[in-house]
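Bear in mind these aren't lab numbers, they're just calculated from the coordinates by the rules spelled out. Bear in mind the structure is a predicted one, so any value in this text is a computation, not a measurement. Glycine also receives a Cβ, built like all others from the backbone with ideal geometry; neighbour counts cover every protein chain displayed.
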Amino acid sequence: MNQATMQELFLEQLRDIYDAEKQLTKALPKLAKAAESDELTEALTSHLEETQGHVQRLEQVFQIVKANAKGKPCKGMKGLLEEGNEAIQEEDEGQLRDLAIIAGCQKVEHYEISAYGTIRTIAENLEMEDVVELLQQTEDEEKQADEKLTEVAVSLYQSSSGEEQDEEEETVTATSSRRSSTAGKQATRKAGR
């Protein structure tokens, strides 16, 4: 493969991820608003700020390679965001919706991690060291965002399990009390005979 073809591929991938990040900056506020968990809202709001930084970083890359900063419609991101919106509309408010939001967001993060890994590798082959550094920085932040979403999901699972465990303990306690009361009444009846 000649270098001109590789540069064309690089520019195509750059425009694709640029559009993906711009789509995400529009979607994240809606997702944060739909979340019930404060921890999830905070994670999404924080990632929105990072995503705005990713857009700026990509604009730096466009400057370095002397190309206009314009996106190419990213159908992959569009599909993932549509899927996420469906999950929000289908689930009632609460932990289940929050978990659906996290699932959708993690699909987006994995898509972005993959996209940044690919474009960074192309930049390495083209010996664009400044570009590689910028892309690696964003890829690392995407991985951290994915890890944060996993932490929030685990927290939601644990709080849900804790509530279920509390309910089970209350049921066991109530059942034990009824049994003790019934046993006491039976003993009293036997003693009275």
Give me the aspartates and glutamates in straight-line cross-link reach of Lys72: C-alpha distance below 12 Å, same-chain residues under 8 apart excluded. Glu12, Asp16, Asp19, Glu21
Over all alpha-carbon pairs of the stretch 17-84, lay out the pair-distance distribution in 10 Å bins, whole %, shortest bin first. 20, 45, 27, 7, 1
Kindly provide log₁₀ I(q)/I(0) values, in the same order as q = 0.11, 0.12, 0.16 Å⁻¹, from the Debye equation applied to equal alpha-carbon scatterers of the stretch 3-159. -0.44, -0.51, -0.83
When the C-alpha atoms of the stretch 1-51 are aligned to their principal axes, what extent does each axis show, in angstrom, from largest down? 51, 15, 14
Before anything else, pin down the relative contact order of the stretch 1-147: Cα pairs under 8 Å, at least 6 apart, normalised by residue count, whole percent. 30
Which GluC sites (Glu not before Pro) does the stretch 97-154 hold that lie in a coil by DSSP with at most 16 other beta carbons within 10 Å? Glu127
